[in-house]
Each structure stands twice: as C-alpha cells, then as structure tokens.
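Peer 1: Provided herewith is a single structure, encoded as structure tokens, for subsequent inquiry.
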Amino acid sequence: MNIIAFAASNSKSSINKQLVTHAMQVLQSEILPDAICDILDLNDFEMPIYSVDREEVSGIPQQAHAFLSKIQSADALVISFAEHNGNFTAAFKNIFDWVSRIDVEVFQGKDMVIMAASDGASGGASVLEIANDTAPYCGGSVKASFCVGPFFDVFDIGEGQLIDAALQQTLRESLTALAKPKQAVQQ
C-alpha cells in the first residue's frame, strides 16, 4: 500500500508535521509494515497565490501538477491540518486552489485519515471540521479523524511521539481504518 502523508502547513517547525511523521512511523511499525510512506513537504509545492487572472496569463504551475500526481499515485492519504485563524493555512489553501483547477476531486477518491494538532485545548477542531466537511466534495473518503491538543502536553518532542495513552489508541484505531479492505459496491 502506498500512503501519501503531509502536514497542511509550510512551517519548518510544524507540530502537524511532527504528528503526521509519528503517525507514519506507527503505521509502518504496527499496522501496515509493508506500506510505502511518502511524507510530502508543502514547501516543495510553493506557487504564486492563485488567481483567475494569473491562471489565464501563465497557466497552471508545474508544482500543482506534481502535487496532484503524488495524490494520484497513493492508495490512501494521511493529512494533519494546521489551523490558522480557525481555517486551513494559506499555504495549503493555495495548493488546494491550484490543484482544483486541474481536477476538482483533489483527493482522487482516496481513503483518508485526517487529524489536526494545535497548542490550544481544542486541538485544531475548527480546521478539522472544515476538512471533514470539504473532503467528500473533493474526492476524499474520510475513514477517521481526530484532534491533538494541547500538543505540548500530549506529545514528547524529543521522542517524536504521543505520550497520552488515549490519543495513542485513537491514532492506532484511526490508522487501522486504512488497512481495512474497501467494501465492494452492491449493484
């Protein structure tokens, strides 16, 4: 199974990057040992701010095509959403906007586990709600979602792992949802 994972943030010290990296380690060591995991860095897909005018003049940037190609190559997605002012980060939203001009089904029908981490008590609940609501309209099938916060109380930065037992269990259960075979469509 090929898993594409990323933090929906362009911060070099992103707590969401730390969370999604930990999630991929758990996935490979405990749930799907044969999985191939590719953790993307949104900085590799930086583009000008989307506008219709810019698209008409210059077309769609190569980075948007490259990002969509990564999504297309995956069997499943694991995304940890950073929350900026209760919403997606500008970095993720810009990539999302450009890619949606190629294909509105940005997530390409993939099964997804989505999460959010924040240093606040809500753990990014606002952005996670938006992601849960948006994903089905953009070709994503959310199999599990959860929030982590306050991050620095439940995650050991030095060890790079969750230290809260309940969140550890939630992470494992969420990732296990990706290991379940897809249900055959009844006709």
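The values are calculated or read from the model by the stated rules, or taken from the named source; none is laboratory data. Keep in mind that this is a model prediction, so the values were computed, not measured. For neighbour counting, all protein chains shown are included, and Cβ atoms are generated from backbone atoms with ideal geometry for every residue, glycine included. Just the protein is used for accessible areas: all its heavy atoms, side chains included, with ligands, DNA and RNA removed. Shrake-Rupley method; radii C 1.70, N 1.55, O 1.52, S 1.80 Å.
Peer 1: Can you tell which of Val148, Val78, Val26 shows the greatest fluctuation in a Gaussian network model of the chain with Cα springs below 10 Å?
Peer 2: Residue with maximal mean-square fluctuation among Val148, Val78, Val26: Val26.
Peer 1: Would you mind computing the Rg to Rh ratio of segment 77-187 from its alpha-carbon coordinates, Kirkwood style for Rh? Write out the running numbers ahead of the final one.
Peer 2: Details: Rg = 15.1 Å, Rh = 15.0 Å.
Dividing the radius of gyration by the Kirkwood radius yields 1.01.
Peer 1: Additional query: Within the chain, what is the longest stretch that has no trypsin sites (Lys or Arg not before Pro) placed in a DSSP loop and near at most 11 other beta-carbon atoms within 10 Å? Working shown, then result.
Peer 2: Values: sites that count: Lys12, Lys182.
Excluding the exposed sites themselves, the longest stretch runs over 13-181.
Peer 1: Filter the GluC sites (Glu not before Pro) in segment 114-178 down to the DSSP loop ones having no more than 11 other Cβ atoms within 10 Å, then list what survives.
Peer 2: Working: sites: Glu129, Glu159, Glu173; in loops: Glu159.
Filter output for segment 114-178: Glu159.
Peer 1: Pull up the cross-link candidates among the lysines for Lys143, meaning alpha carbon to alpha carbon under 25 Å and not fewer than 8 places away within one chain.
Peer 2: Once the sequence-local lysines are set aside, what remains near Lys143 is Lys17, Lys70, Lys93, Lys110, Lys180, Lys182.
Peer 1: Considering only protein heavy atoms and a 1.4 Å probe, what is the carbon-and-sulfur percentage of the accessible area of the chain? It would help to have the intermediate numbers written out before the result.
Peer 2: Values: 4340 of 9250 Å².
With neighbouring chains kept in place, the figure for the chain is 47 percent.
Peer 1: On to the next question. How big is segment 10-112 along each principal axis, measuring the range of its Cα positions in Å and listing the largest first?
Peer 2: If we take the Cα atoms of segment 10-112, the spans are 48, 29, 21 Å.
Peer 1: Turning to a different aspect of this structure: To the nearest 20 Debye, how big is the dipole of segment 47-160 about its Cα centre, given +1 on the beta carbon of each Lys and Arg and -1 on that of each Asp and Glu?
Peer 2: Values: 6 positive and 15 negative charges, 51 e Å.
In total the dipole reaches around 240 debye.
Peer 1: Still on this model: How much area per residue is accessible in segment 84-187 when the probe is 1.4 Å and only protein heavy atoms are counted (Å²)? Can you show the working numbers first?
Peer 2: Values: 5340 Å² over 104 residues.
Per residue, segment 84-187 has 51 Å² of solvent-accessible surface.
Peer 1: Now for a different question. What residue among Pro48, Ser122, Ser174 has its Cα farthest toward the positive end of the dipole of segment 46-187, where the charges are +1 on Lys, Arg and -1 on Asp, Glu, each on the Cβ?
Peer 2: Ser174
Peer 1: Mind checking segment 103-187 for chymotrypsin sites (Phe, Trp or Tyr not before Pro) that DSSP puts in a loop (not H, G, I, E or B) and that have at most 16 other Cβ atoms within 10 Å? Intermediate values should be presented prior to the final figure.
Peer 2: On the way: sites: Phe107, Tyr137, Phe146, Phe151, Phe152, Phe155; in loops: Phe107.
Filter output for segment 103-187: empty list.
Peer 1: Ignoring solvent entirely, what values of log10 I(q)/I(0) come out of the Debye formula for the chain at 0.10, 0.17, 0.20 Å⁻¹ when each Cα is a single scatterer?
Peer 2: Debye output, listed in q order: -0.38, -1.08, -1.46.
Peer 1: With angles folded into 0 to 90 degrees, how steeply does helix 62-73 sit against the dominant principal axis of the chain? Use alpha carbons for both and round to 10.
Peer 2: That helix lies at roughly 50 degrees to the long axis.
Peer 1: Something else: Going by alpha carbons, how many degrees (0 to 90, nearest 10) lie between the helix axis of 90-102 and the longest principal axis of the chain?
Peer 2: The answer is roughly 50 degrees.
Peer 1: On C-alpha positions alone, give me the angle between the axis of helix 125-134 and the longest principal axis of the chain, in degrees, nearest 10.
Peer 2: 50 degrees
Peer 1: Mean separation of Cα pairs under 8 Å and 6+ residues apart, divided by the residue count of the chain: what relative contact order is that in percent?
Peer 2: Values: 340 pairs, mean separation 42.6, N = 187.
About 23 percent, as a whole number.
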